[in-house]
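Notes for the one structure printed next.
The values are calculated or read from the model by the stated rules, or taken from the named source; none is laboratory data. Quick caveat, the model's predicted, so the values are computed rather than measured. Positions of Cβ are backbone-derived with ideal geometry, glycine not excepted, and every protein chain shown enters the neighbour counts. Ligands, DNA and RNA are excluded from the accessible area calculation, which covers all protein heavy atoms including side chains. Shrake-Rupley method; radii C 1.70, N 1.55, O 1.52, S 1.80 Å.
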Amino acid sequence: MRYLAIFFMLFALLPAQANSLADSDLDGVPDIDEENIYYTNPEKRDTDGDGYSDYIELNSGFSPLNADPIKLENCDTDSDGLSDRMELNFHTNLTNKDSDNDGHDDGVEINNGYDPLDNSGAKLEKRIEINLGAQELSYFLGGVRMDSFSVSSGKTGMYTPIGHYKVDGKSIRAWSSYGLWMPYWMSLQNGYFGIHELPEWPDGTKEGENHLGKPVSHGCIRLGVGPAEFLYNWTPVGTGVFIY
Ligand SMILES: [Ca+2]
Ligand SMILES: [Ca+2]
Ligand SMILES: [Ca+2]
Ligand SMILES: [Ca+2]
């Protein structure tokens, strides 16, 4: 038993080693992270001089580089169209517009699906996830969640199937056998079901405008006006869709 106790003590010591990285200003953020991730001053606890340490700002979601109380998602230090929050998520340089020096700003690369850390023109993987319990669709670029939209999925008895699918076709306007148009249609399982904007009756009236967030469809995933068109244009055929 004594050996076992020593064994566990050794493991208990390991996390302490991870915290022994140099931290010159003792603000809780290691020098190496201040220099390479957050671009804060490793010699100054409060880089922007607003009275809050870099550590406190980062842990409460505020920019440690801006003395105004601005959240990381609303701050774009290098004005490249990508927020500081997203720069941290994508591991890009939040003080350099063009992290991979290929002539295209980070924000432009992300908006067009390119890898802002690869100057060979490589694209990042796109993925869509639909959480039926939350009635929410999220889309991901390179593993980073970009945004989420409220949806309406299948009602009781006409449940939206769960599982892994791929977008296998697209149409600006598809006709449903229920007698409705489905704008911005993205087909799953060869059209067995799909993702589309709130459906439209032939007279132009929209169906289910107050139903986003509630499962009332015939099995499809309905998106609101705006998000449906955006996602249609963002999503290439072949994009993975994970429904759970
Ligand atoms: Ca520090
Ligand atoms: Ca500060
Ligand atoms: Ca930026
Ligand atoms: Ca670039």
Just to be sure I understand, how many residues within segment 109-131 are acidic (Asp, Glu) and either in contact with a His (Cβ under 6 Å, 6 or more places away or on another chain) or open to solvent by less than 30 Å² (accessible area, probe 1.4 Å) (or both)? 1
Looking at (1) open to solvent by 40 Å² or more (accessible area, probe 1.4 Å); (2) assigned to a strand (DSSP E or B), can you tell me which one Ala134 breaks? (2)
Does any residue of segment 61-82 turn out to be of a type in the set (Gly, Ala, Ser), within 16 Å of ligand 2 (Cβ to nearest atom), open to solvent by 50 Å² or more (accessible area, probe 1.4 Å) and within 22 Å of Asp33 (Cα to Cα)? yes
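Report those strands (runs of 3 or more DSSP E) wholly inside segment 156-244 carrying at least 3 residues which are open to solvent by 80 Å² or more (accessible area, probe 1.4 Å) and modelled with pLDDT of 95 or more. Step through it out loud before you land on a result.
Details: elements: 163-176, 180-188, 193-197, 221-223, 240-243.
Filter on segment 156-244 gives 163-176.
Against the definition (open to solvent by less than 30 Å² (accessible area, probe 1.4 Å), modelled with pLDDT of 95 or more and under 21 Å from Glu34 (Cβ atoms)), how does Asp106 come out, yes or no?
Working: open to solvent by less than 30 Å² (accessible area, probe 1.4 Å): yes; modelled with pLDDT of 95 or more: yes; under 21 Å from Glu34 (Cβ atoms): yes.
In short, yes.
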Subset of segment 83-103 (residues that are touching a strand residue (DSSP E or B) at 6+ places or on another chain (Cβ under 8 Å) and either of a type in the set (Ser, Thr, Tyr) or open to solvent by 60 Å² or more (accessible area, probe 1.4 Å) (or both)): Arg85, Asn89
